[in-house]
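The values are calculated or read from the model by the stated rules, or taken from the named source; none is laboratory data. From a predicted model like this one, the values you see are computed outputs, not experimental measurements. Heads up, the Cβs are rebuilt from the backbone with ideal geometry, glycines too, and the neighbour counts pull from every protein chain shown. Just so you know, the surface numbers come from the protein's heavy atoms only, side chains and all, with ligands and any DNA or RNA stripped out. Shrake-Rupley method; radii C 1.70, N 1.55, O 1.52, S 1.80 Å.
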Amino acid sequence: MHPEPIFEIFGQGVYLYGICMAVGIIACFGFLVFTMRYKKFNDASSDAVIFIGVFGTGFGIFSAMLFQAAYNYIADPTKGFDLGGAMTFIGGLIGGVVSFVAVWNLYIYVIRRHTKIKWLKAEMNAGLTDALPFIPIGITIAHAFGRFGCFWAGCCYGLETDAWYGLPCAGYASGNYIPVQLLEMFFLLALGAVMAVLYFRFKFNYNFAVYAIAYGVWRFIIEFVRGDVTERGKLFGDTLFPSQIWSIVMVILGIGYIFIQMYFFSKLMKHPELNECKAKSESETERKSA
């Protein structure tokens with residue numbers, strides 16, 4: 001564990017947490033670029049996903065700080081509402097997803113219809129519905145690196161324990177704690193691997209539901225052994241922690257997404273990789289018959 005800065009740049013401390021977070025974001029976008037090329041997304045489609053994704057990531061980071069500030073205020077209103085830099089993942093996920101979807105629809109239904117800039121009006125051979133099956137895999141990659149950063153920062157730690165698996169992973173506190181950060185990192189890597197196999201091997205298009213339900217259940221359970229939950233207060237008569245409420249919402253939305261994908265999104269998918277194969281096949285047939 002290393003919560004202190006490892007070096008400085010222009011007088012500003014650089015932390016292992018920040019490095020892990022940056023590496024995770026880069027790895028996430030690298031995976032998205034690879035997958036879009038593999039699935040034959042054209043430049044217009046890929047650029048839209050990446051550029052809007054960068055905006056969603058930035059807003060998600062702000063949202064993560066905003067949610068944590070709200071949790072801190074719930075726990076102790078006397079300290080005021082302070083965006084002090086601490087973050088909570090679910091807050092970031094909510095802000096990132098909502099902002100991404102909002103900007104995507106703004107771009108597709110408003111900007112592209114009214115702009116005179118050719119680059120913004122370029123034909124897209126894939127839409128958001130084609131990207132949704134693999135975007136959650138990228139999220140788990142970024143999140144896993146982020147949790148590894150949490151381990152070094154000493155945040156998001158578990159309950160204090162004398163068991164063999166206990167580690168000194170709770171900030172500047174002494175003693176050993178359940179390394180919830182590492183447990184969640186391994187869970188996310190496993191979840192990402194499962195979704196990758198489902199998508200690339202079996203052409204499974206319901207990964208967003210798999211992610212929302214699996215992580216929602218995991219997060220609800222793991223909150224019971226988190227040692228820092230008291231810093232975020234409780235809701236509904238001191239019954240559940242805020243992240244458990246959002247976990248329930250994630251599971252419900254995940255179940256709902258199954259039906260949305262089945263009866264609505266599946267009809268909007270353009271399947272660029274299939275269209276390219278079809279075009280090549282038709283071209284080959286014409287060449288042979290010529």
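I'd like to check something: does segment 176-192 contain any residue that is surrounded by 23 or more Cβ atoms within 10 Å (Cβ to Cβ), among the charged types (D, E, K, R) and not in a strand (DSSP E or B)? The answer is yes, given that some residue of segment 176-192 is surrounded by 23 or more Cβ atoms within 10 Å (Cβ to Cβ), among the charged types (D, E, K, R) and not in a strand (DSSP E or B). Taken over segment 21-54, the criterion of being surrounded by fewer than 16 Cβ atoms within 10 Å (Cβ to Cβ) and farther than 25 Å from L274 by Cβ is satisfied by A22, I26, A27, F51, V54.
From the list F204, F224, the one residue that fits, being modelled with pLDDT under 95 and either farther than 20 Å from I139 by Cβ or not in a helix (DSSP H, G or I) (or both), is F224. Restricting attention to segment 148-160, does a residue exist that is surrounded by fewer than 19 Cβ atoms within 10 Å (Cβ to Cβ), farther than 19 Å from A27 by Cα and aliphatic (A, V, I, L, M)? Within segment 148-160 (the criterion being surrounded by fewer than 19 Cβ atoms within 10 Å (Cβ to Cβ), farther than 19 Å from A27 by Cα and aliphatic (A, V, I, L, M)), the answer is yes, since at least one residue qualifies. Reported count of residues in segment 69-103, each being buried (at least 18 other Cβ atoms within 10 Å of the Cβ) and not in a helix (DSSP H, G or I), is 2. It is to be established whether one or more residues within segment 60-77 are within 16 Å of the chain's Cα centre (by Cα) and among the β-branched types (V, I, T). Yes, some residue in segment 60-77 is within 16 Å of the chain's Cα centre (by Cα) and among the β-branched types (V, I, T). Screening the candidates L106, L66 for the property of being at pLDDT 95 or above, part of a helix (DSSP H, G or I) and either open to solvent by 30 Å² or more (accessible area, probe 1.4 Å) or in contact with a Lys or Arg (Cβ under 6 Å, 6 or more places away or on another chain) (or both) yields one hit, L106.
If the condition is being within 20 Å of L120 (Cα to Cα), touching a residue at least 12 places away in the same chain (Cβ under 8 Å) and among the basic types (K, R), then segment 26-76 contributes only K40. Scanning segment 178-198 for residues that are of a type outside the set (A, V, I, L, M, F, W, C) and out of contact with any Cys (no Cβ under 7 Å at 6 or more places or on another chain) yields E184, G192. Here A122 passes the criteria (1) touching a residue at least 40 places away in the same chain (Cβ under 8 Å); (2) open to solvent by less than 30 Å² (accessible area, probe 1.4 Å); (3) not acidic (D, E) except the one numbered (2).
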